[in-house]
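A short reminder: the numbers here are calculations on the coordinates, not readings from a lab. These numbers were taken from a predicted model, which means no experiment stands behind them. Virtual Cβ from ideal backbone geometry, glycine too; neighbours counted across all protein chains shown.
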Amino acid sequence: MELKNIILEKEGKIALVTINRPKALNALNSETLTELDYVIDEIEKDDEVLAVVLTGAGKSFVAGADISEMKDKNVIEGRKFGILGNKVFRRLENLEKPVIAALNGFTLGGGNELALSADIRLASTKAKFGQPEVSLGITPGFGGTQRLSRVIGVGAAKELIFTGKIINADEAYRLGLVNKVVEPEALLEEAKTLANTIANNAPIAVKLSKVAINKGLQTDIDTALSFESEVFGATFSTEDQKEGMNTFLNDKKYLTGNFKNK
Ligand code: CAA
């Protein structure tokens, strides 16, 4: 597929995904969502990629779903658009590789929902966050009514969604929406360093940790802990576990960077 709105680059063990539709501050239209779906396919297939950094070109991460595209939609088309966004974001959330969102600017509406589908969020001091949908006469439609409350709690999520207010990066940090706030020029490097740190750990263990956390959040604690025991047990079938533990016991260091992903 020819990518018009997204840039996909590989840097060693990392895939760098840049939403690049500057004329609309990277707003997500159907075409961009379809491209993102394709990019997720490519990353999923690529065994060399062990972590993903997701960012936006220019002064915006993503300024929301595309209002021009949505303006004239009827109920059937609106629903279809919501389902497309939810499908793609859910795929990203369930991608068996960690995703770090580097939030460089406007992270609004569908943009905040995209960030919420990532595993870890880093923000530039210039980033702005919000779910302004009710100011446009719609509800959040790409997962915001569900993921925001899971990340920052029900009260804070309801306040953001009901008011549509825009908050700065420090407030987003205070709410637990982002893990860290850094200077704009340091953001991408910080995200890549974090991605590399993760990519240098045992890939199967990282993947299974993500699966266990995500699955566990959707079930009761007993089922979740039982699933954890299964994945914990499964790691003992990997070469990485044997080599990782032997290296630690023999050399008093971690195998970091030298796992075989087997
Ligand atoms: N959809 C389509 N186009 C958008 C857009 C969006 N979400 N956000 C910005 N743009 C376009 C603007 O229309 C403008 O285009 P033109 O140059 O052709 O006029 C261009 O991007 C630049 O934007 P501004 O001139 O407005 O830039 P600014 O710096 O003055 O303001 C902003 C930036 C505060 C982000 C402002 O653009 C804005 O408020 N955008 C809309 C944010 C929003 O409401 N997002 C939620 C969308 S609904 C949603 O996401 C639904 C869902 O949950 C699925």
Odd one out for N26 among (1) assigned to a loop (DSSP other than H, G, I, E, B); (2) surrounded by fewer than 23 Cβ atoms within 10 Å (Cβ to Cβ); (3) within 12 Å of the ligand (Cβ to nearest atom): (2)
Sole residue being within 13 Å of the chain's Cα centre (by Cα) and either aliphatic (A, V, I, L, M) or within 12 Å of the ligand (Cβ to nearest atom) (or both), chosen from I40, I14, I67: I40
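Taking the condition of being among the hydrophobic types (A, V, I, L, M, F, W, C), assigned to a strand (DSSP E or B) and more than 21 Å from E69 (Cβ to Cβ), how many residues in region 107-126 meet it? Spell out how you get there, then give the answer.
Just the residues of region 107-126 that are among the hydrophobic types (A, V, I, L, M, F, W, C), to begin with: 108, 114-116, 118, 120, 122-123.
Right, trim to assigned to a strand (DSSP E or B) and you get 108, 120, 122-123.
Imposing the further condition that a residue be more than 21 Å from E69 (Cβ to Cβ) reduces the set to 120, 122-123.
Total satisfying the criteria: 3.
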Filter result for the condition that a residue is more than 24 Å from V75 (Cα to Cα) and not in a helix (DSSP H, G or I), over F129, F142: F129
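Which residue out of F162, F142 is surrounded by 14 or more Cβ atoms within 10 Å (Cβ to Cβ), of a type outside the set (D, E, K, R) and on the phi < 0 side of the Ramachandran plot?
Working: F162 fails: surrounded by 14 or more Cβ atoms within 10 Å (Cβ to Cβ).
Exactly one of F162, F142 is surrounded by 14 or more Cβ atoms within 10 Å (Cβ to Cβ), of a type outside the set (D, E, K, R) and on the phi < 0 side of the Ramachandran plot, namely F142.
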Residue count for region 212-227, restricted to those that are surrounded by fewer than 14 Cβ atoms within 10 Å (Cβ to Cβ), in a helix (DSSP H, G or I) and touching a residue at least 12 places away in the same chain (Cβ under 8 Å): 1
Subset tally (residues that are over 23 Å from the mean Cα position of the chain (by Cα), hydrophobic (A, V, I, L, M, F, W, C) and assigned to a helix (DSSP H, G or I)) for region 228-261: 5
